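Here is the structure we will look at, set down as structure tokens.
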Amino acid sequence: MAERTSKTTAADTSRPLPFPWQFTAGAVAGILEIVCMYPLDIVKTRFQLNSSKSSSSPTGGIWSTLQHIVRQEGWSHLYRGILAPIMVEAPKRATKFAANDFYTKQLQGLFRSDTGQQQPAAAQQQQKVAVLAGIGAGMSEALVVASFDVVKIRMQDPTKLGVYRSSFHCFQEILAREGVGAFTQGLEATIWRHGAWNGGYFGVIFAVKDWLTDLAQSGQTAVANPTVRNLLAGTIGGIVGTVCNTPFDVVKTRIQSQQLLGIGAHATIKYRYALPGLVTVVRDEGFFALYKGFLPKVLRLGPGGGILLVVYEAVLSFIRKNVAV
């Protein structure tokens, strides 16, 4: 009887759950990752809004900036603006999953021959489909995220500490003073940012996974555990994605921090679109200014990826044991 129970438990643990449960686990993991890693996002934004030739913020490096926020503004300001990314987490994931599924099906059709058979080198074709579908899903996800990011960036901007009392107040003020159109600020740059990250990430993730698998098969015990390999591959892919998308992130942050108070103010806007914005940043501050905030973004990858992986599996395990039939 004990042996049967053990086998049943193992089978229950390995069986895939329906999509709604996987989505729920992903949303819970995503929200917890945001809560744990959000202070680094605050630091990243402050670095990116610094238009001097310094690569950090006026208050110094990462640790100095965190200390300054706590001492001068209070602990709560490490989480200022967090409501917006938490609220958009579930819709963002739903959009990304649905878009990825749609693009995958469409692209699989394109990569099939007239007879309906898969073309040669099926594995490579599937990787191409995954890369292109990932880029498309990321760009679709940006359509949902952009307006919430406007509120988040305004709340994180240290020059607007006395302007907005809360995320909801920020939303009200933007709507009343700048109009609905203000929530589309940085949409084009957000699309570039998400597309670039997904392109970089999916562009290398398969090769990295194959490389780590080869190392494991050759006797490298450090990467023998599949979870370790997935975490390493995700971190490396994330670093490449961050290299690709940080310039667009810098411009997006600056576009969304600008207030559009009437036609006159709009006429003097410095950053309007992604590509001209890149040129402006390089011209005024130098090429490396495009990578302001890169270190806080990269430092979030490893711990953030670990949190996502551990929490996702823990929630799935809980659902299997207590909820799903």
Could we say that Arg80 is modelled with pLDDT of 85 or more, charged (D, E, K, R) and either closer than 22 Å to Ala130 by Cβ or touching a strand residue (DSSP E or B) at 6+ places or on another chain (Cβ under 8 Å) (or both) here?
no
Across the range 312-323, what is the total count of residues that are in contact with an Asp or Glu (Cβ under 9 Å, 6 or more places away or on another chain) and surrounded by fewer than 16 Cβ atoms within 10 Å (Cβ to Cβ)?
1
Subset of the range 216-239 [open to solvent by 50 Å² or more (accessible area, probe 1.4 Å) and of a type outside the set (S, T, N, Q)]
Gly219, Ala222, Ala224, Pro226, Val228, Leu231, Leu232, Ile236, Ile239
Scan the range 78-111 residue by residue and report those that are surrounded by fewer than 18 Cβ atoms within 10 Å (Cβ to Cβ) and touching a residue at least 60 places away in the same chain (Cβ under 8 Å).
Met87, Ala90, Ala94, Phe97
For residues in the range 266-311 being in a helix (DSSP H, G or I) and small (Gly, Ala, Ser), which is surrounded by the fewest Cβ atoms within 10 Å (Cβ to Cβ)?
Ala267
Of the candidates Thr253, Thr235, the one satisfying the condition of being modelled with pLDDT under 90 and farther than 15 Å from Gly134 by Cα is Thr235
Mind telling me which of the residues Thr221, Thr184, Thr242 ends up being among the polar types (S, T, N, Q) and within 17 Å of Gly302 (Cα to Cα)?
Thr242
Subset of the range 27-59, residues over 24 Å from Gly277 (Cα atoms) and in contact with a Ser or Thr (Cβ under 9 Å, 6 or more places away or on another chain), comes to Thr59
Taking Asp114 as the residue in question, decide whether it is open to solvent by less than 70 Å² (accessible area, probe 1.4 Å) and either part of a helix (DSSP H, G or I) or modelled with pLDDT under 85 (or both).
no
Of all residues in the range 59-77 being of a type in the set (Gly, Ala, Ser) and assigned to a helix (DSSP H, G or I), the one that is most open to solvent (accessible area, probe 1.4 Å)
Ser76
May I ask you to say which residue of Arg165, Arg154, Arg193 is farther than 22 Å from Lys297 by Cβ and of a type outside the set (Asp, Glu)?
Arg165
So, in the range 151-166, how many residues would count as being within 15 Å of the chain's Cα centre (by Cα) and hydrophobic (A, V, I, L, M, F, W, C)?
1
Top-ranked residue of the range 1-29 - restricted to ones that are at pLDDT 55 or above and either in contact with a Pro (Cβ under 9 Å, 6 or more places away or on another chain) or not in a helix (DSSP H, G or I) (or both), ranked as most open to solvent (accessible area, probe 1.4 Å):
Pro16
Does any residue of the range 231-250 turn out to be more than 26 Å from Ala137 (Cβ to Cβ) and either in a helix (DSSP H, G or I) or touching a His at 6+ places or on another chain (Cβ under 7 Å) (or both)?
no
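The values are calculated or read from the model by the stated rules, or taken from the named source; none is laboratory data. What you see is a predicted model, and the numbers here were worked out from it, not measured in a lab. Positions of Cβ are generated from backbone atoms using ideal geometry, with glycine treated the same way; all protein chains shown enter the neighbour counts. Only protein heavy atoms, including side chains, enter the accessible area calculation; ligands, DNA and RNA are left aside. Shrake-Rupley method; radii C 1.70, N 1.55, O 1.52, S 1.80 Å.
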